[in-house]
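> Can you keep this structure in mind? I'll have questions shortly.
The values are calculated or read from the model by the stated rules, or taken from the named source; none is laboratory data. These numbers were taken from a predicted model, which means no experiment stands behind them. Cβ atoms come from the backbone with ideal geometry, glycine included; neighbour counts cover every protein chain shown.
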């Protein structure tokens, strides 16, 4: 499913006009993105939890040259599914 199909399903399920459903989907995604940017987690009970995982910097090896390199620390967005979503997928 892509963004447009999601908007269509939200419009149908919530009985909203498509433009209103598009604004609702965009607002929800922006709210999640903004919370993650601030380092907060977003927990939707039963569905899952969006959170930020941090990886510390480390020493690595360039596989082509064998040269030692420094790998910078980084942050990535993660999603952990909730129980209801896990059951729905099974």
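> On the given criteria, is residue 74 in contact (Cβ under 8 Å) with a residue 12 or more places away in the chain, within 17 Å of the chain's Cα centre (by Cα) and exposed (fewer than 13 other Cβ atoms within 10 Å of the Cβ)?
Yes: the conditions hold for residue 74.
> Quick one: how many residues across region 17-31 are over 24 Å from residue 43 (Cβ atoms) and either in contact (Cβ under 8 Å) with a residue 12 or more places away in the chain or touching a helix residue (DSSP H, G or I) at 6+ places or on another chain (Cβ under 6 Å) (or both)?
Final tally of qualifying residues: 2.
> Still on this structure, I have one more. Find all pairs meeting these conditions: Cβ atoms under 8 angstrom apart; at least six residues apart or on different chains; first residue within region 1-16 and on the phi > 0 side of the Ramachandran plot and exposed (fewer than 11 other Cβ atoms within 10 Å of the Cβ); second residue modelled with pLDDT of 95 or more and not in a helix (DSSP H, G or I).
none
> Considering only the chain, give the strands (runs of 3 or more DSSP E) lying wholly within it that have at least 3 residues that are modelled with pLDDT of 95 or more.
It comes to 42-44, 48-55, 74-81.
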